[in-house]
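Visitor: Here you go, one structure.
The values are calculated or read from the model by the stated rules, or taken from the named source; none is laboratory data. Quick caveat: nothing in here was measured; it's all calculated off a predicted structure. Ideal geometry is used to build each Cβ from the backbone, glycine not excepted, and the neighbour counts take in all protein chains shown.
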Amino acid sequence: MKLFIGLVPVLVLLTGLGGCVSHTNINPALDPEAFFKVIQENPERFMATLQEASEIAERLTRERTMEALFQAPLTAEIQDWRAIDGEIDAPITIFTYTDFQCPYCARGYQTMQQVKAIYGAKVRFVLKHLPLEFHDSAMSAATIFEAINMQSPIEAYQWHNIIFENQAKLNTPDHGVSWMLEMAGAVGADLDRVKTDIGSKNVEARIAADLEEAGRLNFSGTPGFLINGIPLNGAYPIEEFTSIIDRHLSNID
């Protein structure tokens, strides 16, 4: 019965699309046999209409969810030691929960480069770590980033860019560790200090804090983004980011 009631709106859409069936002659709520006959006689149109109805419902649900988030945005912490890429007082903050070995995170990195090109000083970027267990290089990369950050956030982001632009180099017998350390030296970090700090309790605590926060925000996969409190979970196209950013900026202006 629940299935039948749920499909009534679909039948209304179906009969309203034209063709040989007239909804004036059928009352599906009173004549279920007629209802199912319409489906049997119009299977392709029925499936197309069902898909359309599903997409409309999904869009409306997402719009309602997004509206609720704008009214009550999520929060993330920016500690004193956190590496920030951009102006400290930028009106837009994008947190990225990332895994350096994740191919979708590499796509997300490219999207953030587009955001940076469009909005410039209006956006600041804050990297947070979500290394996934099945990526052998992810945790090592996270610890190296934070070890470099302990010396220089600027050098840490330079290293971050190199890794994402050459992600295939992580697929080596040592999971790219030698190359990642070489790149740490290439951006100007003190390599001896990096090698010492990657195993420190300080770095371990930083990554643990990010993992805990990602769980609180329901980011279970990567990449995850938080744009002034609005979450996007996945490698969304640039248009998804610009729509959120533009709305925030319009409220600020």
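Visitor: Just a yes or no: is a residue in segment 138-152 in contact with a Phe, Trp or Tyr (Cβ under 8 Å, 6 or more places away or on another chain) and surrounded by fewer than 16 Cβ atoms within 10 Å (Cβ to Cβ)?
Guide: No, segment 138-152 contains no residue that is in contact with a Phe, Trp or Tyr (Cβ under 8 Å, 6 or more places away or on another chain) and surrounded by fewer than 16 Cβ atoms within 10 Å (Cβ to Cβ).
Visitor: So, one more: Restrict the check to segment 55-64 and report whether at least one residue is in a loop (DSSP other than H, G, I, E, B), surrounded by 11 or more Cβ atoms within 10 Å (Cβ to Cβ) and modelled with pLDDT of 75 or more.
Guide: Checked segment 55-64: no residue is in a loop (DSSP other than H, G, I, E, B), surrounded by 11 or more Cβ atoms within 10 Å (Cβ to Cβ) and modelled with pLDDT of 75 or more.
Visitor: Would you be able to tell me the number of residues in segment 117-172 that are in contact with an Asp or Glu (Cβ under 8 Å, 6 or more places away or on another chain) and not in a helix (DSSP H, G or I)?
Guide: So the answer is 12.
So that you can scan it fast, the table gives a plain yes or no per residue for (1) closer than 25 Å to Arg216 by Cβ; (2) aliphatic (A, V, I, L, M):
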| residue | (1), (2) |
| --- | --- |
| Pro43 | no, no |
| Phe70 | yes, no |
| Tyr109 | yes, no |
| Gln113 | no, no |
| Leu132 | yes, yes |
| Asp136 | no, no |
| Met139 | yes, yes |
